[in-house]
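Report on one structure; see the data block that follows.
The values are calculated or read from the model by the stated rules, or taken from the named source; none is laboratory data. Being a predicted model, the structure only gives us computed values, none of them experimental. Every residue, glycine as well, gets a Cβ built from its backbone with ideal geometry; the counts of neighbours run over all protein chains shown. Ligands, DNA and RNA are excluded from the accessible area calculation, which covers all protein heavy atoms including side chains. Shrake-Rupley method; radii C 1.70, N 1.55, O 1.52, S 1.80 Å.
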Amino acid sequence: MLSSLTIDNYALIGHVELNFTDGLTIITGETGSGKSIMLGALGLVKGDRADAKAVGKGGNKTIVEAVFENVDPSLETYFRKEELDWSAGELIIRREILANGRSRAFVNDTPVTLVQLGYISSSLIDIHTQHENRLLASPDHQLVIVDAFAENDKLRTEYKSVFDEALHLRNRLRAQRREYDNIREQRKMLEFQYAELKDLDPKKGELPEIERQFELASSADEVKARLSEFVYILGMQDTGVVDQLYHAQSVAEKGNFDKLIKGYVSGSQDEALSGKLESMIAEIRDMLGTAEDALDKIDADTSLMDKLSARMQAYYDAIRKYKVSDADELVDIKKDLEDKLSRIVNGDDSLVEMETRSKELNRELKGIADRLSDSRKKGAEDFSVAVMEMARPMGLQNLDFEVRIETGKFYSTGQDIIEFYCSFNKNQKKGLLDKMASGGELSRLMLAIKSVLAGKVSMPTVIFDEIDTGVSGEIADKMGDTMLGISDKLQVMSVTHLPQVAAKGRKHFKVYKKDYEDHTETFVEELSSSRRIEEIASMMSGKDVGDAAIENAKHLLGME
């Protein structure tokens, strides 16, 4: 229930604070007084788009705040999901419109998007306009109405769950089948690619290691040249270091060579020079042997460069061909090709499993859809009777109303297509609602439907915006009684020009404009009992309110 509404600096409204109760609330005012401005402010609460032009001249922003009490507890699930503060006792919605056109929305002081606000407010407030009447002709809206009357929420939720799973699986199946067909069409190419990669036999980490070995092997010529020079210097016959040392050793071994030189060299010479030379020759011969072994190995690995180069080139060609950035990806491609070819040869087990599950879901979906259809057909019959009973006293005494249901494909809402057929005159053939009903007839029919649904489902605060346009007298009185009856079950507000309807309200607000020297301002006044008598009398007789009008107003208000 909407318990209060505060409007600051919105269009022609400077500041308004309104408090509401349950039951039927009446809003009246002359044409052009600003009733639409008040409804526009409530539209902001519903999440309607805002315009910088809505900001009045009394400040740099507009603020509209609505407080709701006894909120539908089913909203709690959405609040938890969206991580919003939840309180069933009181819910506050605030919209702020800045002069530059920017808008902000808050629920319980938490910023929300307009999408979130729209979802939340749809469970709180329903502004019914002439445009909303036209929605009554929409098959989708008609389906929502019949489902609400049939109270088949659990069945629809069950159906939607299975439908979503079946749809998801069907889409996967289509994609899988397309992929499978493509694989079959490309079998020769896949087999060629697989044979090519199988021949290459790529291994993860192999290419970097080959590149490292190739880099080492590519420097072999330089190493070989240096080793050859080293071997030449040490081992060349007659002139090499080893032969020269042998020659020096033979000289040192002749004629007491060590004793002869002792007299010329200070200090003692414990070891003979020939012995030292022998040690040196052994070491140098060892170095020479190492160098010669290295040369032999380099000569033996001359073919390695060719092998490494060919392997690297094979990798590089495959990388370019398969358009990958890393040679390791070739291993994955080879495995993928192997899997695809295996599926062609052996069939796809997952495809068979999905097809089996899809058939199971379709059978389950059909069963639920049939039960949903049955509930709608039963509800449609009772709904048609209830609508006619409610609408006939409002001047639609010849109404013949019928809900027709046809079964078709599976949709997210079921397998049913619902259409309202009606006639408004005796012996008139029924036709589609939008072809048969005038604007006034649509308004009364919608009012009848709202009344029928009010006793069936939890509905938000309903605001009727001049739904009684074009009627008068007894019909107006009956429409007022209908709105009063709805207000026994939920909060109802009616913007009206009819005194018969205005007199039914529990509370009465008047919207009026006042001209100042430099501006015009709209005000909303809650009428006292005496002011209410004056307002209803004015609605009946115009500006000149006489005693008769006052008495008639009291009669309507039950104050005699």
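Before we move on, is Val501 open to solvent by less than 20 Å² (accessible area, probe 1.4 Å), outside any loop (DSSP other than H, G, I, E, B) and modelled with pLDDT of 90 or more? Give the derivation first.
Working: open to solvent by less than 20 Å² (accessible area, probe 1.4 Å): yes; outside any loop (DSSP other than H, G, I, E, B): yes; modelled with pLDDT of 90 or more: yes.
Against the criterion (open to solvent by less than 20 Å² (accessible area, probe 1.4 Å), outside any loop (DSSP other than H, G, I, E, B) and modelled with pLDDT of 90 or more), Val501 qualifies.
Here's a check for you: in the range 440-470, which residue that is in a loop (DSSP other than H, G, I, E, B) and open to solvent by less than 20 Å² (accessible area, probe 1.4 Å) is modelled with the highest pLDDT? In this case the residue turns out to be Ile467. In a residue-by-residue description of the range 156-171, the property of being open to solvent by less than 20 Å² (accessible area, probe 1.4 Å) and either outside any helix (DSSP H, G or I) or in contact with a Pro (Cβ under 7 Å, 6 or more places away or on another chain) (or both) applies to no position.
Taking first residues from the range 386-404 that are more than 17 Å from Leu442 (Cβ to Cβ) and partners that are crowded, with 16+ Cβ neighbours inside 10 Å and aliphatic (A, V, I, L, M), the Cβ contacts under 6 Å between residues at least 6 apart in sequence or on separate chains come to Ala386/Val452.
Might you check whether a residue that is closer than 26 Å to Gln491 by Cβ, open to solvent by 10 Å² or more (accessible area, probe 1.4 Å) and of a type in the set (Gly, Ala, Ser) occurs anywhere in the range 369-386? Checked against the condition, which is being closer than 26 Å to Gln491 by Cβ, open to solvent by 10 Å² or more (accessible area, probe 1.4 Å) and of a type in the set (Gly, Ala, Ser), the range 369-386 yields at least one hit. Among the residues of the range 514-557, those identified as under 27 Å from Ser3 (Cβ atoms), touching a residue at least 24 places away in the same chain (Cβ under 8 Å) and surrounded by fewer than 16 Cβ atoms within 10 Å (Cβ to Cβ) are Glu526, Ser529.
I need the helices (runs of 4 or more DSSP H) fully contained in the range 208-299, keeping only those with at least 1 residues that are within 30 Å of Tyr315 (Cα to Cα) and modelled with pLDDT under 80. So that I can check it myself, show each step before the final result.
Values: elements: 220-235, 241-252, 257-262.
Output list reads 220-235.
Considering only residues that are open to solvent by 80 Å² or more (accessible area, probe 1.4 Å) and among the β-branched types (Val, Ile, Thr), which ones fall in the range 132-155?
The initial filter retains those residues of the range 132-155 that are open to solvent by 80 Å² or more (accessible area, probe 1.4 Å), namely 134, 140, 144, 151, 153-154.
The answer is Val144, and nothing else.
Within the range 155-185, count every residue that is over 16 Å from Val352 (Cβ atoms) and out of contact with any strand residue (DSSP E or B) (no Cβ under 7 Å at 6 or more places or on another chain).
Start the filter on the range 155-185 by keeping residues that are over 16 Å from Val352 (Cβ atoms), which leaves 155-168, 171, 178, 182, 185.
After this cut, where a residue has to be out of contact with any strand residue (DSSP E or B) (no Cβ under 7 Å at 6 or more places or on another chain) as well, the list is 155-158, 160-162, 164-168, 171, 178, 182, 185.
Final tally of qualifying residues: 16.
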